[in-house]
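The values are calculated or read from the model by the stated rules, or taken from the named source; none is laboratory data. This is a predicted model, so every value here is computed, not measured. Every residue, glycine as well, gets a Cβ built from its backbone with ideal geometry; the counts of neighbours run over all protein chains shown. Note: accessible area is taken over every heavy atom of the protein model, side chains too, but ligands, DNA and RNA are not part of it. Shrake-Rupley method; radii C 1.70, N 1.55, O 1.52, S 1.80 Å.
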Amino acid sequence: MGRKHAHVHVGPLHATLSTGTLAAIALGLTLVRLAMQLPISILPARIAADVQAQLRSRVFHAFTRASWEVQSRDREGQLQDTIRSR
């Protein structure tokens, strides 16, 4: 026969809770963990993409502001290779 209540001992706390209450607490803790995990998984990727975009933009602007003499010394496609590798 299944039990309808469980005795819970968490640190100094002692309680007798129904299995439904324990399931609700487990669901709530799972949702809290999911809510905390989403920013941790999204923010690093977004930060890395933003930094890479800024670096590419700076390289492009530095190249286009350089004199024609400097630009003409670069081999064909070097700017694209430089931007792609960063």
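Observations on the model:
- Separation between Cα centres of the range 42-86 and the range 1-21, rounded to whole Å: 61 Å
- Cα pair distances exceeding 23 angstrom across the chain, given as percent: 59 percent
- Of all accessible heavy-atom area on the chain, the percent that carbon and sulfur account for (1.4 Å): 63 percent
- Folded to 0 to 90 degrees: helix 19-65 orientation relative to the chain principal axis, Cα: 10 degrees
- Computed label-point distance, nm, for sites ILE47 and ILE83 using a 7 Å Cα→Cβ extension: 2.6 nm
- Relative contact order for the chain: 17 percent, from Cα pairs under 8 Å spaced at least 6 residues apart, divided by residue count.
- FRET efficiency estimate (nearest 0.05) - Cβ-Cβ, ARG75 to LEU55, R0 22 angstrom: 0.55
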